[in-house]
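Taking it in order: structure first as structure tokens, then the write-up.
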Amino acid sequence: MLKGKLVNIRWIKNSDLKYIFEWINDPEIQFFAQEDYPITFNQWHVRRIYSDGIKGKRYVFIIEDKTGYVIGELWLYPIDLRKKMAELVIVIGRKNFHGRGYGKDAINTIKKYCFEKLKLEAIYLKVFSFNRKAINCYLSCGFKTIGKGVKKVLRGDRYFEELIMELRKE
Ligand SMILES: CC(C)(COP(=O)(O)OP(=O)(O)OC[C@H]1O[C@@H](n2cnc3c(N)ncnc32)[C@H](O)[C@@H]1OP(=O)(O)O)[C@@H](O)C(=O)NCCC(=O)NCCS
């Protein structure tokens, strides 16, 4: 268990899938987090996506508040321990927890784990250019925009870029 100021971060387990099922199918969350939108995930899809995490074969974590209430998920995937880098994915799935410092605290907590425990040199992530809240959150955690992804994402009748952001160990 990794302890932040507002959150605890722990490995995912089977009983978390019911919470994930709710937010992975929430169009408001999908709008910001999923390339394909809107999209429906059935129980089988969800189990398949998270099964390697539950088996301990992937770095998939659950974010809880300090009362143990499940509020989101965090992935370090892919992770390359030889090249000392990992991609970070974060979703605070409970919308009423947005904008209250939980995302930032979760990232700062996992950042410490990545650099101090896993001895990584860099963490990177992808974010859609319209996702101001996420971009501000990442900037506030020390990430810098280093480029643009190849893919573009469609929202309504507009295409948006995917930005690549990176945080290097100081
Ligand atoms: C993006 C996300 C992880 C951010 O977490 P959060 O808990 O909502 O954000 P925080 O409250 O920790 O905010 C951190 C920073 O973001 C900025 N921020 C917060 N709410 C904001 C808003 N509504 N608009 C613009 N910036 C905002 C603030 O600058 C804050 O920095 P500061 O504390 O230094 O002022 C979370 O909102 C989320 O999961 N959203 C839905 C899915 C998603 O977009 N995932 C990311 C895909 S790349």
Any hit, the range 147-164, residues being away from the ligand (no atom under 11 Å from the Cβ), in contact with an Asp or Glu (Cβ under 9 Å, 6 or more places away or on another chain), on the phi < 0 side of the Ramachandran plot and of a type in the set (Ser, Thr, Tyr): no
Subset tally (residues that are part of a strand (DSSP E or B) and within 19 Å of residue 29 (Cα to Cα)) for the range 142-162: 9
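When only residues in the range 96-141 that are part of a loop (DSSP other than H, G, I, E, B) and more than 8 Å from the ligand (Cβ to nearest atom) count, which is surrounded by the fewest Cβ atoms within 10 Å (Cβ to Cβ)?
Ranking the qualifying residues of the range 96-141, first place goes to 119.
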Flag for residue 70 being within 14 Å of the ligand (Cβ to nearest atom), more than 12 Å from the chain's Cα centre (by Cα), surrounded by 17 or more Cβ atoms within 10 Å (Cβ to Cβ) and hydrophobic (A, V, I, L, M, F, W, C): yes
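None of the figures in this text is laboratory data; all of them are computed from the coordinates on show. It should be emphasised that the depicted structure is a prediction, and the values quoted were computed from it without experimental measurement. Quick reminder, even Gly has a Cβ in these numbers, built from the backbone with ideal geometry, and neighbours come from all protein chains shown.
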